[in-house]
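Asker: What follows is a single structure, and I will ask about it in a moment.
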Amino acid sequence: MNPHLVVAGVPRTGTTLLANLLTVPEERRWCSVEPGHFAVTEHQRIYNRAKLLGWQISSPKIDDVLAFLSTLDRFGVKEVHQGQTQGAIKLAPLRIVACVRDARDIAVSMADPRFVHARRPPTPLGMAQLTNRYLQAFRGWKNRFPVTVVRYEDLVKSESYRVDLGVALDWPLAGDPSRNLDLYRRGDEKRDGVVSRRTPADRQQHAELAVAVHEACCPYQSEFGYA
């Protein structure tokens, strides 16, 4: 039996992109985006999309959604850190897909004015704590499950890398990489196309942040080849 997937990573490492690519409704392969232990909004998205495809699903209630998902050829969930992933690890059989990205780029991306409204601006100490928790979880996963590491830089730039990854997971990355699917509509699609509002002063601050983060996140950087 093919293993289900849990896509895990620090924010801004491509977890949503990968989950979108993994969701191929026509092939009955699904990766649920930010389910939050199957939050009501996610139930509704799955229910709506399934009904559009003519699939039999009785209601968006959690038990009915889970019963429907159990009939799929492959099912996955996208989480972002070890605490959230604990709920998804109950899936069996299971493979962890660990998304990674250079900590300097994660920090700069999180500091972008487009995203600061949704979270606190990153600090070197905060990034060190975030990446160290993820690294600890990653090492624990390796002792319990098959783990596939996905590098953000290769995922977004290399078509051949995506093809090889699909082969390795036995799960083609043939889904829609955008947020345009009805399943993923959250009223903020335009945000992705907004030109960055970073000023020259922002860029200087971000360059200094990147240097400090690289030093603070040394264990993570070394583990995943960003040293």
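The values are calculated or read from the model by the stated rules, or taken from the named source; none is laboratory data. Owing to the predicted nature of the structure, the values given are computational and were not obtained by experimental measurement. Neighbour counts run over all protein chains shown; Cβ positions are idealised from the backbone, glycine included.
Asker: Checking Leu66 against (1) modelled with pLDDT of 75 or more; (2) assigned to a helix (DSSP H, G or I); (3) over 20 Å from the mean Cα position of the chain (by Cα), only one condition comes out false. Which one?
Answerer: So Leu66 meets the others, but not (1).
Asker: For the range 27-52, which positions are loosely packed, with under 14 Cβ neighbours inside 10 Å, of a type in the set (A, V, I, L, M) and at pLDDT below 75?
Answerer: Answer for the range 27-52, where residues must be loosely packed, with under 14 Cβ neighbours inside 10 Å, of a type in the set (A, V, I, L, M) and at pLDDT below 75: Ala39, Val40.
Asker: For Val80, indicate whether it is surrounded by fewer than 21 Cβ atoms within 10 Å (Cβ to Cβ), modelled with pLDDT of 80 or more and out of contact with any Lys or Arg (no Cβ under 7 Å at 6 or more places or on another chain).
Answerer: Against the criterion (surrounded by fewer than 21 Cβ atoms within 10 Å (Cβ to Cβ), modelled with pLDDT of 80 or more and out of contact with any Lys or Arg (no Cβ under 7 Å at 6 or more places or on another chain)), Val80 does not qualify.
Asker: If you scan the range 156-199, which residues turn out to be aromatic (Phe, Trp, Tyr), at pLDDT 50 or above and in a helix (DSSP H, G or I)?
Answerer: Tyr161
Asker: I want to confirm something. Restricting to the range 1-16 and keeping residues that are in contact with a strand residue (DSSP E or B) (Cβ under 9 Å, 6 or more places away or on another chain) and of a type in the set (A, V, I, L, M, F, W, C), which single residue is farthest from Gln136 (Cα to Cα)?
Answerer: It comes out as Leu5.
Asker: Kindly evaluate Ser160 against the criterion of being over 18 Å from the mean Cα position of the chain (by Cα) and surrounded by fewer than 21 Cβ atoms within 10 Å (Cβ to Cβ).
Answerer: Yes, satisfied.
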